[in-house]
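Okay, so here's the structure we're looking at.
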Amino acid sequence: MNRRLGVLISGRGSNLQAIIDAIASGSLRASIAIVISNRSDAAGLQRAEAAGIETLVLRPKEFADRGAYDRAIAQELKKRDIAVVCLAGYMRLIGQPLLDTFPNRILNIHPSLLPAFPGLDAQQQALAHGVRVAGATVHLVNEELDGGAIIAQASVAVLPDDTVQTLSARILEQEHRLYPNAIETILNGGWTVEGRRFLSSVMPPPAEV
Ligand code: GAR
């Protein structure tokens, strides 16, 4: 596997920034060949441009259907010989054309300890449920929403006076640490997926707070 990444974003792009920074510091041995956004107003596009990374905006409305949209993304990624696709705040479901093009090669970061609280507003869901421990998960993407094999997780205590904002900020800090490490694990190989389990000869260090 080469070490070329494609990153898909929809917004702020702080996880994209964490990946850019980890590459710059040498802790993640990879390069980002392209950043693709489904929204032209995604602030993450500027972060990519500032780092000299090629960007591309593909607007879903300009495609006949979801299949056509995902095929276009797959084609752009393949053209650039991408090994691993990283979803970084990419707020769309990944369809079969992309899954088939990159089997077990698409990663996502989600702001909860999956399988708890998949989908939108995970931090709000965690607060509303009253859990004492929240966190972040990096997982392989499959056809289920936030459903693929778990590569790495980090936990965060929920404090009595937490709001969605304060909890999200503490989770985000963990996301920024967790995601580059998980990408490095994937690129280093020596792992398999058995059933739901991600098995690696070099497991990422346990991430607990
Ligand atoms: C992050 O908290 C990420 O975990 C979440 O969106 C935020 C994006 O922030 N992703 C999801 O909820 C995906 N289901 P960012 O654009 O600053 O990286």
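Readers should treat all values here as calculations from the given coordinates under stated rules, not as data from a laboratory. Keep in mind the model is a prediction, meaning the values are calculated, not measured. Cβ: placed from backbone, ideal geometry, glycine included. Neighbour counts: every protein chain shown.
Charges at C-beta only: +1 for Lys and Arg, -1 for Asp and Glu. How large is the resulting dipole of the chain about its Cα centre, in Debye rounded to 20? The partial results should precede the final answer.
Values: 20 positive and 21 negative charges, 83 e Å.
So the magnitude is around 400 debye.
Once you have the Cα-Cα distance between residue 66 and residue 43, take 0.36 nm times their residue separation minus that, and quote the gain in nm to one decimal. It would help to have the intermediate numbers written out before the result.
On the way: separation 23, 0.36 × 23 = 8.28 nm, distance 2.36 nm.
That pair, residue 66 and residue 43, stretches by 5.9 nm at full extension.
Which of the listed residues, 46, 176, 166, is farthest toward the dipole's positive end in the chain, when Lys, Arg count +1 and Asp, Glu count -1 at the beta-carbon?
Final value for the positive-end residue is 46.
How large is ³J(HN,Hα), in whole Hz, for each residue of segment 87-103 in order, when computed from phi with the Karplus curve 6.51 cos²θ - 1.76 cosθ + 1.60 and θ = phi - 60°, using x for Gly and Pro?
Ordered by residue, 3J(HN,Hα) equals 7, 10, x, 8, 9, 9, 6, 8, x, 4, x, 6, 4, 5, 6, 10, x Hz.
If the viscosity is 0.890 mPa s and the temperature 25 °C, what Stokes-Einstein diffusion coefficient in µm²/s follows for segment 1-90 when Rh is the Kirkwood radius over Cα pairs?
Numbers: Rh = 13.1 Å.
Translational D for this selection: 187 µm²/s.
For a bin width of 5 Å, list the pair-distance distribution of the chain built from all Cα-Cα distances, rounded to whole %.
1, 7, 16, 20, 21, 17, 11, 5, 1, 0
Name the long-range amide H neighbours of residue 8: under 5 Å, sequence gap of 5 or more, or other chain; modelled H, no Pro or chain starts.
36, 86, 87, 88
Tell me, what HN-Hα J-couplings in whole Hz come from the Karplus equation 6.51 cos²θ - 1.76 cosθ + 1.60 at θ = phi - 60° for each residue of segment 134-145, using x for Gly and Pro?
With coefficients 6.51, -1.76 and 1.60, one gets 10, x, 9, 9, 9, 9, 6, 8, 10, 6, 7, 5 Hz.
Give me the one-decimal nm value for the distance between modelled label points at residue 96 and residue 21, 7 Å along each residue's Cα-to-Cβ direction.
Distance between label points: 4.1 nm.
Given the chain, what percent of its DSSP beta bridges are antiparallel, to the nearest 5?
Numbers: 15 of 32 bridges.
Roughly 45 percent of the DSSP beta bridges within the chain come out antiparallel.
With Rg and the Kirkwood Rh both taken from Cα atoms, where does Rg over Rh land for segment 111-192?
Details: Rg = 13.2 Å, Rh = 13.2 Å.
Checking Rg against Rh, the ratio lands at 1.00.
Kirkwood hydrodynamic radius, computed over distinct alpha-carbon pairs, for segment 40-100: how many Å, to one decimal? Please list the in-between numbers first.
Numbers: mean 1/r = 0.0785 Å⁻¹.
Roughly 12.7 Å, rounded to one decimal.
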